[in-house]
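**Q** What follows is a structure written as structure tokens; I'll ask about it next.
The values are calculated or read from the model by the stated rules, or taken from the named source; none is laboratory data. Bear in mind that the values here come from a model prediction, so they are computed numbers and not experimental data. Here the Cβ positions follow ideal geometry from the backbone for every residue, glycine too, while neighbour counts run over all protein chains shown.
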Amino acid sequence: MQQVAASTAFIGSALPLRRAPSNRAGRLPRASLVCRAQKQDGQTGGKRLVASSAATLDAPVEEGYQSVWTASYDFDNESPELTKSWKKTMKVAVTGAAGQISNHLLFMLASGEVFGRDQPIQLQLLGSERSREALEGVAMELEDSLYPLLREVQLGIDPRQVFEGADWALLIGAKPRGPGMERKDLLDINGQIFAEQGRALNDVASRDCKMLVVGNPCNTNALIGMANAPDLPKRNWHALTRLDENRAKCQLALKSGKFYTSVTNMTIWGNHSTTQVPDFVNAKIGGKRVPAVVKDVQWLKEEFTPKVANRGGALIKKWGRSSAASTAVSIADHLRSLYTPTPPGDCFSTGVYTEGNPYGVDEDLIFSMPCRSDGDGDYEIIDDFVIDDWLQAKIKETEEELLKERDCVGHLIPGATRAVCMITEDTMLPGEA
Ligand code: LMR
């Protein structure tokens, strides 16, 4: 494998840089970051400080404060035995990189437990002007964790720079709904972010880049991103519903008294919202259909279903903030499912583009469906799920919600024929219940 330079670099900024106090309690003064890189140089001989990246910024940097730093290394000292079986480095862009979800996820990615122990990665982290200090803190912790597979970290606040060459874009950053904000305002504010990110990905990402949208409302944000990235394959867009699948498996395991590994073929249909449909009709426990094991259809319809759909809200009440660790775990699960052959008779849930779907769902939505993979990063929609009347009615309900969301963001979808917002307060994210 070709040896690549590892570095941590703040890439580009059109925004003015703020001066940081050089000795704020609990923080390293900037200069020590640079010193650390120089010290490494002395220790190994094979690592060298290439440049402080102040020179790469548009904005002036005040003396005594390196707002940006770059430490680049070569890998001359590294044993070829270690790297000879490694794959080509994968570039993984992550937005909302200084947030809580990323704080769990990035370390899983860097450790190799997600993409594999032979898959070196380069992390390209997008923050905001407000979070740039925190982002540097994240990079410091990543460096201090000494992950051999983590070959490079780049930090930035401009998606057009951060997404350059990305093979995966994990789009986590989005605004949470604030007090007094209507749902259509949230759709608009976050939709604008995803329209911009879609355009940026279209311009600079790898032509086979895959995207996973986590920021809510994730299905419609994915639709907006996709519509603004016409040169990228539409099937490469995903919206995260694996968290809901995991929640459903947990509830079925608790109810049946079986461990959650015995729950298979569990899918979520539709929107990552309170209209989502956790499908107990096709799910199995120990190889048997769930209703045959749980034997309480009323519980399945009236307790299990809303419990899964409202789990995010219940969690916010306990934590005072949205789920973070379990969301990160579900992102890792989602990615692993695409790089592991799906066992026969099993599936995983992901929100995907509905064009050509076998279930008669409107063909221009991002809708969660049962999928399987050969382990090559791609997927197919499983076409033989049984849809009974109850499931059909529930799927219709979540589809209608997504159609309304799509109409509401028509102004952000190039070529949309409808841009009318009929969203009412009764359509909610899991966290709003
Ligand atoms: C979750 O499902 O935990 C989150 O999507 C909740 C939210 O609204 O942030």
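**Q** Could you grab me the full set of residues in the stretch 218-232 that are in a helix (DSSP H, G or I) and buried (at least 24 other Cβ atoms within 10 Å of the Cβ)?
**A** If the condition is that a residue be in a helix (DSSP H, G or I) and buried (at least 24 other Cβ atoms within 10 Å of the Cβ), then CYS218, ASN219, THR220, ASN221, ALA222, LEU223, ILE224, GLY225, MET226 are the ones that fit.
**Q** Right, here's the next one. (1) in contact (Cβ under 8 Å) with a residue 60 or more places away in the chain; (2) more than 20 Å from GLU432 (Cβ to Cβ); (3) within 16 Å of the ligand (Cβ to nearest atom): which one isn't true of ASN282, the others all being true?
**A** (3)
**Q** How about the stretch 367-388: which of its residues are free of Cβ contacts under 8 Å to residues at least 12 places away in the same chain and assigned to a loop (DSSP other than H, G, I, E, B)?
**A** Once the filter is applied, which keeps residues that are free of Cβ contacts under 8 Å to residues at least 12 places away in the same chain and assigned to a loop (DSSP other than H, G, I, E, B), the stretch 367-388 yields only ASP384.
**Q** Considering every residue within the stretch 368-382, establish whether at least one is within 15 Å of LEU223 (Cα to Cα) and in contact with a helix residue (DSSP H, G or I) (Cβ under 9 Å, 6 or more places away or on another chain).
**A** yes
**Q** Might you let me know whether the stretch 396-410 holds any residue that is within 16 Å of the ligand (Cβ to nearest atom) and either of a type in the set (S, T, N, Q) or farther than 13 Å from SER273 by Cβ (or both)?
**A** Within the stretch 396-410, the subset within 16 Å of the ligand (Cβ to nearest atom) is 398, 401-402, 405.
Then drop every residue that is not either of a type in the set (S, T, N, Q) or farther than 13 Å from SER273 by Cβ (or both), which leaves 398.
Yes: the stretch 396-410 contains one or more residues that are within 16 Å of the ligand (Cβ to nearest atom) and either of a type in the set (S, T, N, Q) or farther than 13 Å from SER273 by Cβ (or both).
**Q** Oh, and also: Of the residues that sit in the stretch 167-187 and are closer than 21 Å to LEU106 by Cβ and out of contact with any helix residue (DSSP H, G or I) (no Cβ under 7 Å at 6 or more places or on another chain), which one is nearest to the ligand (Cβ to nearest atom)?
**A** Going through the qualifying residues, I end up with PRO176.
**Q** Still on this model: Of all residues in the stretch 295-344, count the ones that are more than 12 Å from the ligand (Cβ to nearest atom), of a type in the set (A, V, I, L, M) and farther than 28 Å from SER373 by Cβ.
**A** Adding up the residues that qualify gives 1.
**Q** Between LYS307, LYS301, LYS318, which is free of Cβ contacts under 8 Å to residues at least 40 places away in the same chain and not assigned by TED's automatic domain parsing to the domain that holds ARG177?
**A** Step by step, each of LYS307, LYS301, LYS318 is checked, and only LYS318 is free of Cβ contacts under 8 Å to residues at least 40 places away in the same chain and not assigned by TED's automatic domain parsing to the domain that holds ARG177.
**Q** Filter the stretch 205-215 down to the residues that are within 16 Å of the ligand (Cβ to nearest atom) and either at pLDDT below 95 or in contact with a Gly (Cβ under 7 Å, 6 or more places away or on another chain) (or both), then identify the one that is nearest to LEU170 (Cα to Cα).
**A** Ranking the qualifying residues of the stretch 205-215, first place goes to VAL213.
**Q** Kindly check whether there is at least one residue in the stretch 369-377 that is away from the ligand (no atom under 16 Å from the Cβ), surrounded by fewer than 18 Cβ atoms within 10 Å (Cβ to Cβ) and over 20 Å from the mean Cα position of the chain (by Cα).
**A** Within the stretch 369-377, one or more residues are away from the ligand (no atom under 16 Å from the Cβ), surrounded by fewer than 18 Cβ atoms within 10 Å (Cβ to Cβ) and over 20 Å from the mean Cα position of the chain (by Cα).
**Q** For the stretch 222-255, what are the residues that are in contact with a helix residue (DSSP H, G or I) (Cβ under 8 Å, 6 or more places away or on another chain), basic (Lys, Arg) and either closer than 19 Å to LEU403 by Cα or more than 16 Å from the ligand (Cβ to nearest atom) (or both)?
**A** Across the stretch 222-255, the qualifying residues are LYS234, LYS255.
**Q** Tell me the residue from ARG177, ARG183, ARG160 that is within 30 Å of GLY112 (Cα to Cα) and over 17 Å from the mean Cα position of the chain (by Cα), please. I'd like the intermediate steps shown before the answer.
**A** Numbers: ARG177 fails: within 30 Å of GLY112 (Cα to Cα); ARG183 fails: within 30 Å of GLY112 (Cα to Cα).
Every option except ARG160 fails the conditions.
**Q** I'm trying to understand the selection: among the residues of the stretch 382-428, which are buried (at least 21 other Cβ atoms within 10 Å of the Cβ) and of a type in the set (A, V, I, L, M, F, W, C)?
**A** ILE395, LEU402, CYS408, VAL409, LEU412, ILE413
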